[in-house]
Amino acid sequence: MTAHRDPLRVGVLASGRGSNLQALLDATRGADFPARVVIVISDRERAEALERAAAAGVGAQFFDPKAYGDRAASDMALLACLESHRVELVCLAGFMRILSPGFVLSLHGRLVNIHPSLLPAFPGLHAQRQALDHGAKVAGVTVHFVDDGVDTGPIIAQASVPVRDDDTEASLSARILVEEHRLFPEVVRLFAERRLRLVGRRVEVSR
């Protein structure tokens, strides 16, 4: 008989609307989902993500990075906040701050990000616009472990979206977002079920 395991405790960092947060909240509400969002933290006091968390009955906290002397001090305080909630996996869902190497190292293998491109193509901001500007025929979404680069961490999962001839940045972004909302909870489930293994810079997924 398999021993009962408590749901994985997930913390989410978000700066904006929080639509990927909402996808995680919706998924983790399921009785059979092996993870729960226990805290949502934003560096923007009026972020919609905090409202979404509060509406779901999840802890919602504004974290002011300017209250600390430098980025390293701020990030260590942020890490302490996550640890106080016994978070086992941290999901970046539109979190717009670059995290310090010390923060990333402390959460090695437990910090994941979602990015609206098929990495390594089009890292950084405005990935959808980059895809259109380059005439890409296929775009998509990537969930990856975070390292100390920008969108350079080991890739966990990807989903592709065809680029249409009449696409605008808004229309392409909307179709990619559908895949984001599907893929992010799927990765959290894999992590919670211990089916992800990080070996150096390679991710092994057991089915």
- line: By residue number, the members of the range 121-138 that are farther than 16 Å from residue 166 by Cβ, surrounded by 14 or more Cβ atoms within 10 Å (Cβ to Cβ) and aliphatic (A, V, I, L, M) are 121, 127
- request: With the condition kept exactly as written, say whether any residue in the range 175-192 is touching a strand residue (DSSP E or B) at 6+ places or on another chain (Cβ under 7 Å), of a type in the set (A, V, I, L, M) and surrounded by fewer than 19 Cβ atoms within 10 Å (Cβ to Cβ).
  value: no
task: Scan the range 90-112 for residues that are touching a Gly at 6+ places or on another chain (Cβ under 8 Å) and either surrounded by fewer than 21 Cβ atoms within 10 Å (Cβ to Cβ) or in a loop (DSSP other than H, G, I, E, B) (or both) and jot them down.
output: 93, 94, 96
- prompt: When residues of the range 113-146 are filtered for being among the hydrophobic types (A, V, I, L, M, F, W, C), out of contact with any Gly (no Cβ under 6 Å at 6 or more places or on another chain) and assigned to a loop (DSSP other than H, G, I, E, B), how many remain?
  reply: 5
- prompt: Going by the structure shown, is residue 141 of a type in the set (A, V, I, L, M), in contact (Cβ under 8 Å) with a residue 24 or more places away in the chain and surrounded by 18 or more Cβ atoms within 10 Å (Cβ to Cβ)?
  reply: yes
- prompt: Looking at 23, 54, 73, which one is crowded, with 16+ Cβ neighbours inside 10 Å and assigned to a helix (DSSP H, G or I)?
  reply: 23
field: Filtered residues of the range 26-35 (kept if farther than 12 Å from residue 182 by Cα and surrounded by 17 or more Cβ atoms within 10 Å (Cβ to Cβ))
entry: 28, 33, 34, 35
message: It is to be established whether one or more residues within the range 71-85 are among the polar types (S, T, N, Q) and more than 30 Å from residue 169 (Cα to Cα).
response: yes
query: Going through the range 151-174 one residue at a time, which ones are part of a loop (DSSP other than H, G, I, E, B) and either surrounded by 13 or more Cβ atoms within 10 Å (Cβ to Cβ) or in contact with a strand residue (DSSP E or B) (Cβ under 9 Å, 6 or more places away or on another chain) (or both)?
result: 151, 152, 153, 154, 163, 167
Filtered residue count, the range 169-181, keeping only those that are within 14 Å of residue 22 (Cα to Cα), without any contact (Cβ under 8 Å) to a residue 40 or more places away in the chain and charged (D, E, K, R): 1
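Read-outs: derived from the displayed coordinates by stated rules, not from any lab. From a predicted model like this one, the values you see are computed outputs, not experimental measurements. Here the Cβ is made from the backbone with ideal geometry for all residues, glycine too, and neighbour counts use every protein chain on show.
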